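Derivation of every value follows stated rules applied to the coordinates shown; laboratory data play no part. Worth saying up front: this structure is predicted, and the values here are computed from it rather than measured. No Cβ is skipped: glycine too gets one built from the backbone with ideal geometry, and neighbour counts run over all protein chains shown.
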There are 2 protein chains.
Amino acid sequence: MKDAFALHGAVAFSGSQERIETFEDAYVVCEDGISMGVFRDLPKKYGHIPVEELDGMLITPGFVDLHTHAPQYNFRGQDMDMELIDWLNRCSYPEEEKYADPLYAERSYDLFAEELYEGPTSRACVFATRDVPSTIRLMEMMEEAGLVSYVGKVCMDRNVPEGCLEDTDRALEETEEWIAQTQDRFENTYPILTPRFVPACSRKLLAGLGKLSEKYHVPVQSHLSENPKETEWVKKLEPQASFYGDVYERCGLFGTPMPAVMAHCVYSSEEEIRLMKKNGVFVAHCPDSNMNLSSGIAPIRRYLQEGIPTGLGSDVAAGSSTSIMKAAVEAIQLSKMRWRIQDQTRKPLTFEEAFYMATKGGGAFFGKAGSLEEGYEFDAVVFDDSNLATMTETDTKGRLERMLYCGDDRNVCSKYIRGRKIY
Amino acid sequence: MKDAFALHGAVAFSGSQERIETFEDAYVVCEDGISMGVFRDLPKKYGHIPVEELDGMLITPGFVDLHTHAPQYNFRGQDMDMELIDWLNRCSYPEEEKYADPLYAERSYDLFAEELYEGPTSRACVFATRDVPSTIRLMEMMEEAGLVSYVGKVCMDRNVPEGCLEDTDRALEETEEWIAQTQDRFENTYPILTPRFVPACSRKLLAGLGKLSEKYHVPVQSHLSENPKETEWVKKLEPQASFYGDVYERCGLFGTPMPAVMAHCVYSSEEEIRLMKKNGVFVAHCPDSNMNLSSGIAPIRRYLQEGIPTGLGSDVAAGSSTSIMKAAVEAIQLSKMRWRIQDQTRKPLTFEEAFYMATKGGGAFFGKAGSLEEGYEFDAVVFDDSNLATMTETDTKGRLERMLYCGDDRNVCSKYIRGRKIY
């Protein structure tokens, strides 16, 4: 038992989609970065490990952000009255061009990494830009911040402005070199193949990325069926594809051979959903973004029922906040609106389901992560919720729900990732 | 010029529904509690008034909360997976009963008043409980907090649990006594007649309150057409009424003779909308609540187009936050979902419109409030947004939008209400 310790306080984690396990007073034991489980009384064999007393605190798993854009952090909360394609052209692309400047990238990514460091997120899938040097710098910063993350050099060779556009062969060469440089370099930071989305990627580029994915065993992240205008555009650009995701599928980028996480999936067709299920494609549900860009409401209840692996994404800066606690609340709220207005056949999401997606659901993309159960990698957040307390006494589940609805980064007291206290 | 001063910094206020007036560097002059306007250069006649230098700060009008429930603050962010009627029975009514205990009321209302004191809200319409002594205590606390507020002793004589139920005559007597005790007692705090909602109020009670409204010139607040089950219930309870608001109208509680503010108006019929327009009934749009209780999306674009006076409400605790900045963002987001899913004939709300509702729109219920234009009561919030700054420089409008999307009470540096610095 080389490196063991325990946290002692109130504990909550997601047992399953339907159930949150709570303990008013318990010990969470970590050994060599892995959870040994949660115990009402500390087992004898752990009798002499250090115990951090967290009286009055609430201990949860780390939160998982399955979809965010580091270079967009600069303009969050601004120019929000647009739809996706206009917003990309007017806000995202012009900003992303700036990351060819190392000093600009350094300063910007530092703000982003600092924000994730301080909040309750322990793991993230991050889009960078097409620029390799600044993408590597971002990976270094994420490593320093202590989070576990996949970071992607973005690839795009059509329908984007000159400053973002890449030559197809060069994009593939640069990506391969970048994988070689970063694949074994970090402890907690990994490259992920990142075609921007079908409208910005030729078949040749996608097929090349698919080959790199297989050759180097690198997973994939992209966007899928987000917005009506975007999906119409994909139909025009790729008339021979049966559906949006079929373009990724034909190029080996849709969950096989390597795992893939697709952001949004608001307008996935029956065929697309079938293939997502078959291939185990992860859905990154980004409710804040889907509202801000007027995209619509994704059928998340359906995905959960089908057993499609589903987590949450902040989608900064189409989402204005990096908080996955906020995303969990918005996922519930949007599902209620979907139920009320669009589809009364499927019930709204429950708090249990939203918390599951925010932790264990998204965590599954990283292996055994997002829970405090025995055998999971030990990512834990310690919350001080004393500023949210009122005259109404509440149990641990109530405190957890209140934390997600009313809390913020101020409540994060400390954070452990893979057993290491990083904050 | 007895009591004059100026604030000097970046300034933003709502000129109209369509337009936000911004100044990168200007002076807002206050004289005897009234704004003398915003000036790029300080006019000579104000040459020797004190100037508060707010370099780098953002000055806006105070935010206006047209609908909130003080006794519900205790259980905000908990048990949110319910619809309105279940939620009232299981959460609200049992909690509200506790306010008969003066000590419980004292401690609880203190938390609520402190929260409003520290945030960007300058004016509010507040529901208390049926209990008069604690309602008066809440009024004292709101007065101490420095906000301008209408506070209502709630009336309800049917379909509520024993602990909340009132005898009709006694409710009216108590209300009349309470008006007498409080109407002229405070500088910034006023009584407002507060029938809970039609399902909880007999015709006799409503008619009696209507008479009190006319006799004492006291305005009215209540709930209207919030949730499908509630509106169906009203139809059954009041079969002779043409529509929900018609019940209030027949009792003199629907904007005439005295002003009325009605929360929600999600399911207002054509007839109801016509009468709201005719009577100048204020709509308190509460997007957070409407999501949490699965109520639906109110047709706010329509209300603005019709010229129906419309502001925002936090509706704590069906809304989990007291922030009207958050309500403004959610109003935009929900309007985008309404446009996308429900009604493509009316465009989503713009940021300009949401900011208008959050300040000047709601402020109109209080007279000339919610703006920094000449002649308005001087309610101002000074924001320090340095923690939100990034590498992207932005103008005052961008800073304002970012403040509403990404800021919170931490950013409130100081607050002036009716010319008095209260924070």
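Put the label 7 Å from Cα along Cα→Cβ for residue B:240; what are its distances to the other copies, in nanometres, shortest first?
Its label point is 7.5 nm from the equivalent points in the other copies.
Treating the beta-carbon of each Lys and Arg as +1 and of each Asp and Glu as -1, no other charges, what is the dipole magnitude of region B:153-300 about its Cα centre, to the nearest 20 debye?
340
Separation of region B:199-252 and region B:37-65 by C-alpha centroid, Å?
44
Report the FRET efficiency, 1/(1 + (r/R0)^6), for residue B:32 and residue B:256, where r is their Cβ-Cβ distance and R0 is 30 Å, rounded to 0.05.
E between residue B:32 and residue B:256, to the nearest 0.05, is 0.40.
List the pairs from A:235/A:347; A:347/A:368; B:360/B:421; A:229/B:336 whose alpha-carbon separation is above 23 Å, in the order I gave them.
On the way: A:235/A:347 31 Å; A:347/A:368 29 Å; B:360/B:421 20 Å; A:229/B:336 15 Å.
Those over the limit are A:235/A:347; A:347/A:368.
Using Cα pairs under 8 angstrom and six or more residues apart, how large is the relative contact order of region B:85-182, in percent?
28
On a C-alpha basis, how far is the centre of region A:177-191 from the centre of region A:273-333 in Å? Whole number, if you could?
27
Would you work out which of A:168, B:186, A:51 lies farthest towards the positive end of the dipole of the protein assembly as shown? Charges go on Cβ: Lys and Arg +1, Asp and Glu -1.
A:168
Among B:261, B:51, B:220, determine the one that fluctuates most according to a GNM of chain B built with springs between C-alpha atoms less than 10 Å apart.
Comparing B:261, B:51, B:220 in the GNM, the peak value goes to B:51.
Assigning unit charges at the beta carbon (Lys, Arg +1; Asp, Glu -1) and nothing else, what dipole magnitude in debye, to the nearest 20, does the protein assembly as shown show about its Cα centre?
With Lys and Arg at +1 and Asp and Glu at -1, about 2060 debye.
If a/c stays under 1.5 just call it rounded; otherwise compare a/b with b/c (prolate if a/b is bigger, oblate if not). Do that for region B:217-374, with a ≥ b ≥ c from the square roots of the Cα gyration tensor eigenvalues. All intermediate terms of the calculation are to be shown ahead of the outcome.
Numbers: a/c = 1.58, a/b = 1.17, b/c = 1.36.
Oblate is the answer for region B:217-374, as a/c is 1.5 or above yet b/c matches or exceeds a/b.
Mind giving me the nanometre distance, one decimal, between the label points for residue A:187 and residue B:368, set 7 Å out from Cα along Cα→Cβ?
6.5
Determine, from the Cβ-Cβ distance of residue A:269 and residue B:345 and an R0 of 35 Å, the FRET efficiency 1/(1 + (r/R0)^6), rounded to the nearest 0.05.
0.85
Assuming R0 = 25 Å, what is the FRET efficiency of residue B:167 and residue B:110, from their Cβ-Cβ distance, to the nearest 0.05?
0.25
Length gain on complete extension for the stretch residue B:25 to residue B:232, per 0.36 nm per residue less the alpha carbon to alpha carbon distance? Before the final figure, lay out the partial values.
Working: separation 207, 0.36 × 207 = 74.52 nm, distance 5.31 nm.
So the extension gain works out to 69.2 nm.
How big is the charge dipole of region B:1-70 about its Cα centre, in debye rounded to the nearest 20, if each Lys and Arg gets +1 on its Cβ and each Asp and Glu gets -1 on its Cβ?
The calculation lands at about 220 debye.
Counting other Cβ atoms within 10 Å of each Cβ, which GluC sites (Glu not before Pro) in region B:184-266 have at most 15 and sit in a DSSP loop? Before the final figure, lay out each step's value.
Numbers: sites: B:187, B:214, B:226, B:230, B:232, B:249; in loops: B:187, B:226.
Filter output for region B:184-266: B:187.
Given label points at 7 Å from Cα along Cα→Cβ, what nm distances, shortest first, separate residue A:183 from the same residue in every other copy?
The answer, with the shortest distance listed first, is 8.2 nm.
Subtracting the Cα-Cα distance from 0.36 nm times the residue separation, let me have the gained length for residue B:42 to residue B:180 in nm, one decimal. List each step's numbers first, then the result.
On the way: separation 138, 0.36 × 138 = 49.68 nm, distance 4.47 nm.
Extending this stretch completely gives an extra 45.2 nm.
Could you tell me whether region B:1-41 comes out rounded, prolate or oblate from its Cα gyration tensor? Rule is a ≥ b ≥ c as square roots of the eigenvalues, rounded for a/c under 1.5, then prolate if a/b exceeds b/c, otherwise oblate.
Numbers: a/c = 3.41, a/b = 1.63, b/c = 2.09.
It is oblate, given that a/c is not under 1.5 and a/b is not larger than b/c.
I'd like the GluC sites (Glu not before Pro) in region B:340-380 restricted to DSSP loop residues with at most 14 other Cβ atoms within 10 Å, sorted by number.
Listed in order of number, the matching sites are B:374.
With an 8 Å cut-off on Cα pairs and a minimum separation of 6 or more residues, tell me the relative contact order of chain A in percent.
After rounding, I find 21 percent.
For a test of the definition: using alpha carbon positions, the gyration tensor, and the 1.5 limit on a/c, classify chain B as rounded, prolate or oblate.
Prolate shape, in that a/c is at least 1.5 and a/b is the bigger ratio.
Placing a label point 7 Å from Cα toward Cβ, how far apart in nm is residue A:25 from its equivalents in the other copies, listed shortest first to one decimal?
Label-point separations across copies, in nm and ascending: 6.1.
Which residues does a label at residue B:100 reach in region B:152-187, if reach means a backbone N under 18 Å from a point 7 Å past the Cα toward the Cβ?
B:153-175
Can you give the longest stretch of chain A with no exposed loop site, where a site means trypsin sites (Lys or Arg not before Pro) in a DSSP loop (not H, G, I, E or B) with at most 11 other C-beta atoms within 10 Å?
No qualifying site falls inside A:41-423, the longest such stretch.
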